Amino acid sequence: MKKLMTNFIHWNANHRAIPLILFLLLTSNFITAQVKVSGIVSDDKGLSIPGANISVVGSKMSSSTDFDGKYTIDVPANSSISVSFIGYVTQTLNVKNGGTINVVLKLSAEDLREVLVNVGYRSQKRKDVTGAISSVTAKDFADSPQISMDQMLQGRAAGVQVTNNSGQPGASASVRIRGISSLSGTNEPLYIIDGIPVSGDATNQATGGNIVSGYLGANTGNVSTSPLSLINPNDIETYDILKDASATAIYGSRAANGVIIVTTKRGKKGTGKFAYDSFLSIQNVTSLLDTMSLSQYAVQQNALAEYYGVGPRDEFAVPSVLGAGTNWQDEIYKTAIMENHQLSFSGSKDGTSYYISGGYADQQGIVVGSAFKRYTFKTNVDSKVKNWLSVGVSIGAGITNEDITINGSSNGIISTSILSTPDVAVRNLDGSYAGPPEDASLGVWINPVASALMNTNNLIKKNFSGNFYSIFKLAKGLEYRFDFGGSTDISNFEGFQPTYAWGSAVRDINQLQERSNTSYNLNIKNVLTYKFSTGVHNFNFLAGQEAYDSHWFGNSQSVSGLLSNDVHSINLGDQDTLVASEYKGSSGLYSFFGTFNYDFNSRYTLQATMRADGSSNFGPGKRWGYFPSIAGTWNLSNEKFMKSTKEYIDNIKFRIGYGETGNQNIGGGAYLSNIRSIKSAMGNFFTADNIANPDLTWETGEQTNLGLEFTMFNSKLSANFDVYRKQTAGFLFTLPLPYYVTGLESYQGGLGAPRVNLGSLRNQGFEMALGYDNKFSNNFSWTSKVTFFMNRNELLSLQDNFDLTKDVMLNDYTNKAVTKTVVGQPIGQFYGYETVGIIRTNEQLANAPIPFTGNKAVKSQLGDVEYVDQNKDGLIDEKDLTFIGSPQPKFNYGFNNTFKYKNIDLGVMLQGSYGNKVMNLTRRAGTKNQRLYENQLAEAVDFWTPENTDAKYPRPDGADGHPNIAISDRYVEDGSYLRIQQVTLGYGLPSDILSKAGLSKLRFYLGVQNLYTFTKYTGYDPEVGSYNQDELLSGIDSGRYPTNRSFTFGMNIEF
Amino acid sequence: MKKYIINIKALVLFLTLGLGFASCSDEFLDRPSEDGYVSDQFYSSDEQVQRTTYGMYGKMWAPFYTKCFYALSELSSGNCLAYADGPELIQFKLTSDSFILSDPWRSCFGVVAQSNNLINTLESSAGANVSPAVIKNTIAEAHFFRAISYFYLVRLFGPVPIIEDNLALAKNPMVNTNRIEDVYKFIENDLKYAAANLKSKVRSRTAGDENIFVTQGSAESFLAKVYLYQKKYSDAKQMAEKVIASGEFDLLPNFADLFLTSKNNNHESIYSWQWSGGIGEYQGGNFSNVQYGLDILNDGVSYGATYIPSNDIQDAFEVGDVRRKESYLVYGDEYPNIKADGVVGFKVDKVKYPSLLDNTGAAVKKYVVGQVTGETGPVDNWGGMNNCNYIMRYADLLLIHAEAVMAGANETTDAAAKESYNKVRRRAGLEELGLNVPLTKSALFKERRVEFAFEGEFWYDLGRLPRAEAIEIVSKQDRGFDSDGVKHYTPVETDFIFPKPEIDLRKNPKLKEAPVPYVFK
């Protein structure tokens, strides 16, 4: 009776149920030979399973578990019950006299393979998939305290290389699926998020290349913020990563960089579920560079002054008494807190399922003045309206608010913190910010702390998106699906530079810059599918049409001379200084596509797809592109002769596929000859903006893929191997004409070089994923996944062998070429001089080649750097520049482990990169010894003098252009690393305790992200990524915002 | 056979939704620019056509003018010294990857590209409503600006590629450079075309916008200068005399007025670059107030006077020269109309500013207008202001005339030549040449240096001397700060031609090969 009461209490919310239960209880007494059975149904992890079905074998009697996994059923004596739940192996148990029978259901290995994979416009069972597709699911990346959904993929899928371009909260990552396929702005994949296409391109190439948070330029820093940071990764159920062209061709013109289909969580069968997930992280910088202390700096300044023949500074007369001074790195980095909360509700009832969530994330940056806040909302509803009609909708909203500190450039906060001098305090005694002394006529380093905290760079982004679908069953096997989706983005940026007087750095006039961008896109899809089967022959047809319409509008205003620094409004500035501009445009993509699938007896499958895309980015006659693909699989294990091996090998499948894809991700109008309007003292003037290229068309990619996958030993071991060759022809690029053809940049009045289909390149590689999943006892299990990925790329051809060098700004005004790409070589290799070493002897000096980098040869002196004279002409000039390293890794790898012991789980994830080089421009700036009034790294003290001939660094020279600091292999370092990316220790309360509390899950975890990195790299972090996602500027460390280390405490509650 | 049952309702929905949305029209894929013009429709009114050359009156030269213009001429020639942005020029150590080389290169070739576009296409693309006179004048302006570009290019870089069709070049850009003499001939042809087709107009004696535009007289003045550079003395003399006789230009009576913002585009200006601090964009304003002007003469920027007068140029000024105070300032100078340190009326006071002029005891005054006043107009965020800078003014033409008459001799007693020279001296408040005193080559050379000090001219004057003579002059200059003591740097012959920018050398190694003759059309 006590038990009965518990049930009553427990069900007290459900008043209607009470009479029913009473009735059942009472009636049961009148039926003879009935016994009562009750218990808890749980999974092998000890979590209770609500909604499991308990039926009496051979009768219609059945019951189901409540949300605590409890059941009660009356059964005839000596009968048996069957306990089942989707995804688990059904168990049948004999019942003799009733009583308590607790049931532990095992996950069905077979059903695991029945997991559906979204292959584009439809889903397939995993076993039927013909292409190279990796899936990453929520449980793989749970507990990662990361803001952006693209970061979650790092190290978790073979063939996908994710590099964080910056450690700034909300910054963009570079996601490369099987290498680089284009040299133009973006190599980011296409994301299809609940049916809505989202480009991963943070530089908005397709919508005119405008970045609200800044301008793309040589020294503007990493200003691109991730377009994916508006999505809450906690809402994501699965990523299906379409890698080879036989899989991606269905997305045609946008698929050249691969496609990632993101499916968010949806309501599951069973009673309603409430979940709360939360974590708190403490983040820190992992290491600081060793810069000079004040006394070291004074020694160095005295030495340099002597070298340059300048008088020493009086205050540095006795360096040893000066102490440490200001370490600017200590000042700009701080311990930062991140918190994240998410509430979600989901369930399914009467043919309608729902998922509703709200999330909040607040991440402070580890560099002062950077922060990120996000609010997200998500609703998914699916309903079966009639037996021939089901509908659903996905609605999402995200708002982010970011404070950005500009980094990754020579004048960013990070670079400045290295070069700012230790003789300047952060603040004066009166609390105001200090600055460089009046006589620092050379290096006026603006106080980086003041600059980070007092300048405003605030970006607010809002995204609202929705997709609605309806599926009509027209006839048996024939379905029609209609999708209508849309998305709108609103971004607002406010940049404010206050008036200040920080030492000799004075700004008398403040300035406010506001930029905004709004865009919307609409997407309509009509898809017909038809399938029929004649026993061994199974056919599947799909035909569809899609239209994508995108519009954008942006403007900017700036004004100077606001009367105070407090309130930032365009209204408050001097209206004579108001400058405004705008841009707008639209693009359209119209497509038809179809696939045909044929499966013979689950042994052979064949799939063919075709897509036709019309794009507004190209001129008449060049608009339509056609993208076919074909793929086949052979499921060896389903052959009769393999029956005997089934015991060991459950499933062997060979895959072969070929497909073509395209890239049209450039702004519109490049095929036209445009006129540009530019402001001048005489009013607007008009110039020819570009050289038109009416022949401009798609970049096309061809890819061949061979795959093998198998599972062994009852699916304990799984393996997946793919080799591929991917060839891109006619990649889109702005023709790299010499300046004497184009003159200036077009915004300055130059004649812009044409956009062309410049050349072809190839990526080939191998990827592997190995999984191991074993339960060693009832209490202990280990799940492990190893991913390995190697890619080699090579430029195959280039129109007229144009010179593809790429420059970066080394200080405010000096551009230097740092990479070069030539036919027959990998893309974006570092380019500079090879060094022999420092010239230390007269003999060496006599034989050293002579630098000819200006208009004459200037002999080296002792203590200068000797470069390798590649062409043996006795001179060092631009003909001696050569390749000095590649930023591309030889391979990447990831190693994920989850150990479970009773209720404790331990996750360890390692991730690494091998064989890539990094150009450390931060070290170059920190060791160049070219200027007074500029701090350096402590090691820079070891420079050559006649007394210090064994020095590590060459003799100092006062001119910025001196060849001693030319771009050379002196600055190229090994960027290989192995990172302990994540360690998580979790504890889930056992179900018997949980059920008392009315919970279905309560788990706590402690995690460390970026625990330790094994590397030889001397900068902050070898994971450098690319500069504003530019593939030709990869692996260049110019003061990148370092990735933090974080300690996380989190919990998950479900009931 | 199983019969399939068609669901009628679903079919109706399919037909309406599916087929309704599936119809595509070409219009969906035709997306003309929404925020700019396309060339086919653009050249449809006189004003639209006229505005195609406005950039060549200023803004397109900005990358050249900002820093590089003064660095290349004033630092190299020893008129100025600098701690930053160019000590390598003072010491003849400039490397080919310096922005100081690429920015002028880009500006000049940008003007060439846009000029070529107008020369090659304007006639055919202009609409019916555009008057032929406007088309003619615009094309003539394009020839004029192309000539100016090549004149700078050939003086800075020596042999350069002559480009007449950028569209063809884009298809095959790997060209050789052309011989210096061919570049000069090309410049001459362009200027002759411009002189024949530009509006002939007498400058208004009131300074103002209508004097901005170049005329037949402007082209002829440059033609005289280009003849002189080629030592075609009689052509130079004849052309200079023609301009003088036309009376279109004249000296401003008061030298100081030349550098007042309110006197922008006065009748001494033959061709000036136009700037405005009100544009509010980088490189929209004249940055001289920062490059030359002391911190206290600036608003909103915290570094000034990067380029300061060398002791050598200071010594070149004679006592009593009214140009001295307008060219550079020393302690004790007073500028009652200039605002400094927040106060109108600038006195260069040693007590108030004890270390203001520590480096060489002077700061450049020319083109420095001081903090914002009613006279100066607005300043932009980079310290850019409204004052124009001269590319050629009438004083230059007068001295060209004198030199052309001299025709390479060491002196002349020609009265007209002496009068041209004396006009410049007279305005400077200096002694004129007496009746029987000849005008010497060295006096003329010195006069040019002083008259155009800090205007971006002296280096080119050194460059047309015999190399040995120029090396002799330069090697004797004091190129040191007061704290360093006297410093001498001796250039070699090749230092008078700057290396071509490395970025283009890399793209086209043929630029380093010997120049080839140009095949004139």
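The values are calculated or read from the model by the stated rules, or taken from the named source; none is laboratory data. These figures come from a predicted structure and were not determined experimentally. When we count neighbours, we look across all protein chains shown, and the Cβ atoms used for this are built from the backbone with ideal geometry, even at glycine.
Structure notes:
- Evaluation of residue A:621 against (1) closer than 30 Å to residue A:649 by Cβ; (2) among the small types (Gly, Ala, Ser); (3) surrounded by fewer than 18 Cβ atoms within 10 Å (Cβ to Cβ) (one fails), failing number: (1)
- Helices (runs of 4 or more DSSP H) (entirely within region B:158-266) containing at least 1 residues that are closer than 15 Å to residue B:143 by Cα and away from chain A (no Cβ under 14 Å): B:180-197, B:216-229
- Residue count for region A:925-969, restricted to those that are in contact with a Leu (Cβ under 8 Å, 6 or more places away or on another chain) and within 28 Å of residue B:92 (Cα to Cα): 16
- Among the residues of region B:462-521, the ones that are at the interface with chain A (Cβ under 10 Å from one of its Cβ atoms), free of Cβ contacts under 8 Å to residues at least 60 places away in the same chain and assigned to a loop (DSSP other than H, G, I, E, B) come to 3 in all.
- Among the residues making up region A:985-1026, a single one is surrounded by fewer than 21 Cβ atoms within 10 Å (Cβ to Cβ) and on the phi > 0 side of the Ramachandran plot: A:998.
- Among the residues listed as A:562, A:578, A:572, the single one being surrounded by 20 or more Cβ atoms within 10 Å (Cβ to Cβ) and either more than 18 Å from residue A:455 (Cβ to Cβ) or more than 9 Å from every other protein chain (Cβ to nearest Cβ) (or both): A:562
- Tally, over region B:25-39, of residues that are over 34 Å from the mean Cα position of the chain (by Cα), within 7 Å of another protein chain (Cβ to nearest Cβ) and in a helix (DSSP H, G or I): 2
- For residue A:744, the conditions (1) touching a residue at least 12 places away in the same chain (Cβ under 8 Å); (2) within 14 Å of chain B (Cβ to nearest Cβ) are fulfilled apart from (1).
- Output for region A:686-705, where each listed residue is more than 30 Å from residue A:625 (Cα to Cα) and in contact (Cβ under 8 Å) with a residue 40 or more places away in the chain: A:687
- Qualifying residue in region A:386-393 (condition: at negative phi and free of Cβ contacts under 8 Å to residues at least 12 places away in the same chain): yes
Let's see how each residue does on (1) under 28 Å from residue A:901 (Cα atoms); (2) surrounded by fewer than 17 Cβ atoms within 10 Å (Cβ to Cβ); (3) β-branched (Val, Ile, Thr); (4) touching a helix residue (DSSP H, G or I) at 6+ places or on another chain (Cβ under 7 Å):
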{"position": "A:750", "(1), (2), (3), (4)": "no, no, no, yes"}
{"position": "A:754", "(1), (2), (3), (4)": "no, no, no, yes"}
{"position": "A:759", "(1), (2), (3), (4)": "no, no, no, yes"}
{"position": "A:764", "(1), (2), (3), (4)": "no, no, no, no"}
{"position": "A:769", "(1), (2), (3), (4)": "yes, no, no, no"}
{"position": "A:774", "(1), (2), (3), (4)": "yes, yes, no, no"}
{"position": "A:783", "(1), (2), (3), (4)": "yes, no, yes, no"}
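- Index of the failed condition, residue A:824 passing every other in (1) out of contact with any helix residue (DSSP H, G or I) (no Cβ under 8 Å at 6 or more places or on another chain); (2) touching a residue at least 40 places away in the same chain (Cβ under 8 Å); (3) within 29 Å of residue A:728 (Cβ to Cβ): (2)
- Only residues that are assigned to a strand (DSSP E or B), of a type in the set (D, E, K, R) and touching an Asp or Glu at 6+ places or on another chain (Cβ under 7 Å) were counted across region A:485-538, and they come to 3.
- Only one of A:287, A:229, A:295 that is among the hydroxyl-bearing types (Ser, Thr, Tyr), surrounded by 15 or more Cβ atoms within 10 Å (Cβ to Cβ), farther than 30 Å from residue A:63 by Cα and touching a residue at least 40 places away in the same chain (Cβ under 8 Å): A:229
- Every condition in (1) more than 10 Å from every other protein chain (Cβ to nearest Cβ); (2) surrounded by 22 or more Cβ atoms within 10 Å (Cβ to Cβ); (3) farther than 23 Å from residue A:307 by Cα is met by residue A:824 except one, and the failing one is (2).
- Checking A:872, A:928 one by one, the residue that is crowded, with 20+ Cβ neighbours inside 10 Å and out of contact with any Ser or Thr (no Cβ under 9 Å at 6 or more places or on another chain) is A:928 and no other.
- Top-ranked residue in region B:471-491 [being at pLDDT 95 or above and hydrophobic (A, V, I, L, M, F, W, C); ranked as surrounded by the most Cβ atoms within 10 Å (Cβ to Cβ)]: B:474
- Selection over region A:55-83 of residues that are crowded, with 16+ Cβ neighbours inside 10 Å and either within 20 Å of residue A:269 (Cβ to Cβ) or of a type in the set (A, V, I, L, M, F, W, C) (or both) gives a count of 16.
- Apart from one condition, residue B:508 fits all of (1) buried (at least 16 other Cβ atoms within 10 Å of the Cβ); (2) within 29 Å of residue B:327 (Cα to Cα); the exception is (2).
- Checking residue B:123 against (1) of a type in the set (D, E, K, R); (2) within 10 Å of another protein chain (Cβ to nearest Cβ); (3) assigned to a helix (DSSP H, G or I), the condition it does not meet: (2)
- Residues of region B:126-157 that are of a type in the set (S, T, N, Q), within 13 Å of another protein chain (Cβ to nearest Cβ) and either under 19 Å from residue B:187 (Cβ atoms) or out of contact with any helix residue (DSSP H, G or I) (no Cβ under 6 Å at 6 or more places or on another chain) (or both): B:149 alone.
Residue by residue, here is whether (1) among the β-branched types (Val, Ile, Thr); (2) crowded, with 17+ Cβ neighbours inside 10 Å; (3) in contact (Cβ under 8 Å) with a residue 60 or more places away in the chain holds:
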position	(1), (2), (3)
A:598	no, no, yes
A:604	no, no, no
A:608	no, yes, no
A:632	no, yes, yes
A:665	no, yes, yes
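- Of all residues in region B:267-284 being under 17 Å from the mean Cα position of the chain (by Cα) and modelled with pLDDT of 95 or more, the one that is farthest from residue B:249 (Cα to Cα): B:275
- Considering region A:892-905, the residues that are buried (at least 18 other Cβ atoms within 10 Å of the Cβ) and not charged (D, E, K, R) include one that is farthest from the chain's Cα centre (by Cα), namely A:898.
- Given (1) free of Cβ contacts under 8 Å to residues at least 40 places away in the same chain; (2) under 30 Å from residue A:741 (Cα atoms); (3) of a type in the set (Ser, Thr, Tyr), number of the condition residue B:177 does not satisfy: (1)
- Among the residues making up region B:69-108, those that are at the interface with chain A (Cβ under 10 Å from one of its Cβ atoms), assigned to a helix (DSSP H, G or I) and closer than 27 Å to residue B:386 by Cα are B:99, B:100, B:101, B:102, B:103, B:105, B:106, B:107, B:108.
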